[in-house]
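**Q** Below is one structure. I have some questions about it.
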Amino acid sequence: MKYALTVLLIALVVLAACGPGAAPTPTPVPPTPTPEQASQATQAPGEEEVQLAPELNVFNWTDYIDESLLEQYEKTYGVKINYDTYASNEELLAKLQAGATGYDVIFPSDYMVAQMIELGLLAELNLDHIPNFQYVMEDFKDPPFDPGNKHSVPYQWGTTGLAYHVPTFGDEVPDSWAYLFEPDHLKKYADKGVNVLDDPRELIGAALKYLGYSVNDTNKDHLFQARDLILKAKPYWKTFNSSDYDDTLLIPGEVVLSHAWSGDAFVAVWETYDEDKDEAIWWYAIPKEGGVKWVDTMAIPASSKRKRTAEHFINFLLDPKSQAAITNYTYYASPSEAAKQYIDEEILNEPAIYPPKEVMDKLEWLEPVGDAATLYDQIWTEIKSQ
Ligand code: SPD
């Protein structure tokens, strides 16, 4: 009984303390500043003042920028760039879907932009914050994969074809996907090494194109034919590599033929050029059946907390001089018209880098394949596991 009375007394005291007259005065807690609010306003001479975050996390394809640009940005604007790389669109998507929330600027390709928009993974851009967009060629504005450039602006573009070791092929130009898929061709040089891109849409797309279908085909029978073609050729291939094949396979001569993106192929062309004989050791061919043309873009993940700084950095990379520096380093083509004046003449005039219209017309952009994506995934798993 004594115990019950004590409990009652304590309860009454507590209730009284919580009553309206005794409410504790809350101490005001200031809202946590976003990284941009926490920063200082920064500007370069002649530029509008912008509130920039102290750091920016950038996630790009491997070997896809002249890194002196990163230093230049850091020095001019006082923003530290944390730079990380990936080797395929699928790797980028998997990271974002697994909940990686730290990235502020990413570089998805055309079809992946559409896929990411649908999944709600991209932030909307304010193009007023990206004035260098005005220099982008009309052909690269308002693309079907992102109408109105609401979520992306172009970074660099190129084609996919075959890089080949000229001394091995002599006068023969491997100008057909048959060189990558037909055992009769492969038998002649497979012992010297053949590499294919470790990229599902690119490899399945090339096989589809060789079979006379679209690189975006979703027909099950056609896709199984492409799978069978790949599985027959696979024993002749040495490597699946799309991250550093130019430096580790082409330049040191570890392979003599490679499924390749134009710029990576030209890194090998220029790095191995025989100055004395004025002869190329590596060259690049776009197969006569056609294939893939692509554009990689700059976008901001929906989860970014530094959107204004990300737009500022994207604008910096779209500056005509930055674009030219990137092209002069990567050998990929720039979508910036105004960059042309700063791009090396030999790059600008190289038809294998800036192909003429009749070649471009034979190539297709990769597009999202909708529900067939699951079938592409299954086929890719089968290809990689056999
Ligand atoms: N080393 C940089 C390669 C970037 C290539 N992106 C190509 C995407 C084509 N689907």
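The values are calculated or read from the model by the stated rules, or taken from the named source; none is laboratory data. Just so we're clear, the structure is a prediction, and the values are computed from it rather than from any experiment. Using ideal geometry, Cβ is built from the backbone for each residue, glycine included, and neighbour counts are taken over all protein chains shown. For the accessible areas, the whole protein counts, side chains as well, though only heavy atoms, and no ligand, DNA or RNA atoms are used. Shrake-Rupley method; radii C 1.70, N 1.55, O 1.52, S 1.80 Å.
**Q** On average, how much accessible surface per residue is there in the chain, in Å², for a 1.4 Å probe, leaving out ligands, DNA and RNA?
**A** 47
**Q** Let me cross-check residue 138: its accessible surface, 1.4 Å probe, with only protein heavy atoms counted, in Å² to the nearest 10?
**A** Rounded to the nearest 10, the figure is 130 Å².
**Q** Could I ask something else about it? Dipole size in debye (nearest 20) for the chain around its Cα centre, Lys and Arg Cβ +1, Asp and Glu Cβ -1?
**A** Taking the Cα centre of the chain as origin, the dipole is about 1960 debye.
**Q** Among all the lysines, which ones have a C-alpha under 18 Å from residue 95's C-alpha, if same-chain residues fewer than 8 places away are not counted?
**A** The qualifying lysines are 305.
**Q** Using amide H atoms built in the peptide plane, which far-off residues or other-chain residues are under 5 Å from residue 293 H to H?
**A** It is 364, 365, 366, by chain and number.
**Q** For residue 112, tell me the accessible area in Å² from a 1.4 Å probe, rounded to the nearest 10.
**A** Counting only protein heavy atoms, the figure is 0 Å².
**Q** Under 1.5 on a/c is rounded, so check that first for the range 184-309, then, if it is not, pick prolate when a/b is larger than b/c and oblate when it is not; a ≥ b ≥ c are the square roots of the alpha carbon gyration tensor eigenvalues. Walk me through the intermediate numbers first.
**A** Numbers: a/c = 2.01, a/b = 1.08, b/c = 1.86.
Here the range 184-309 falls in the oblate category.
**Q** With viscosity set to 0.890 mPa s at 25 °C, what whole-number translational diffusion coefficient in µm²/s follows for the chain from Stokes-Einstein and a Kirkwood radius over Cα pairs?
**A** 106
**Q** Ignoring ligands, DNA and RNA, please state the percent of accessible area on the range 262-381 from carbon and sulfur, probe 1.4 Å.
**A** Details: 2350 of 5050 Å².
Carbon and sulfur together cover 47 percent of it.
**Q** Can you work out ³J(HN,Hα) from phi for every residue in the range 49-57, in order, using Karplus 6.51 cos²θ - 1.76 cosθ + 1.60 and θ = phi - 60°, giving whole Hz and x for Gly and Pro?
**A** Result, ordered by residue: 6, 10, 7, 10, 6, x, 9, 9, 9 Hz.
**Q** Under a GNM of the chain (C-alpha, springs under 10 Å), which listed residue has the highest mean-square fluctuation: 253, 170, 78?
**A** Answer for the Gaussian network model of the chain: 170.
**Q** Mind ordering 219-232, 319-332 by average Cβ neighbours within 10 Å, highest first?
**A** 319-332, 219-232
**Q** Counting only Cα, what are the radius of gyration and maximum Cα-Cα distance Dmax of the range 222-369, in Å?
**A** Answer for the range 222-369, Rg first and Dmax second: 18.1, 54 Å.
**Q** Once neighbouring chains are kept in place and the probe is 1.4 Å, which whole percent of the accessible area of the range 51-209 is contributed by carbon and sulfur?
**A** Carbon and sulfur atoms account for 47 percent of the accessible area of the range 51-209.
**Q** Here's another thing I want to ask about it. Among DSSP bridges having both ends in the chain, what percentage is antiparallel? Round to the nearest 5.
**A** 60
**Q** Of 209/321; 232/293; 141/220, which sit over 28 Å apart, Cα to Cα?
**A** Too far apart for the 28 Å limit: 209/321; 141/220.
**Q** For the range 365-383 and the range 74-125, compute the distance between their C-alpha centroids and round to whole Å.
**A** 21
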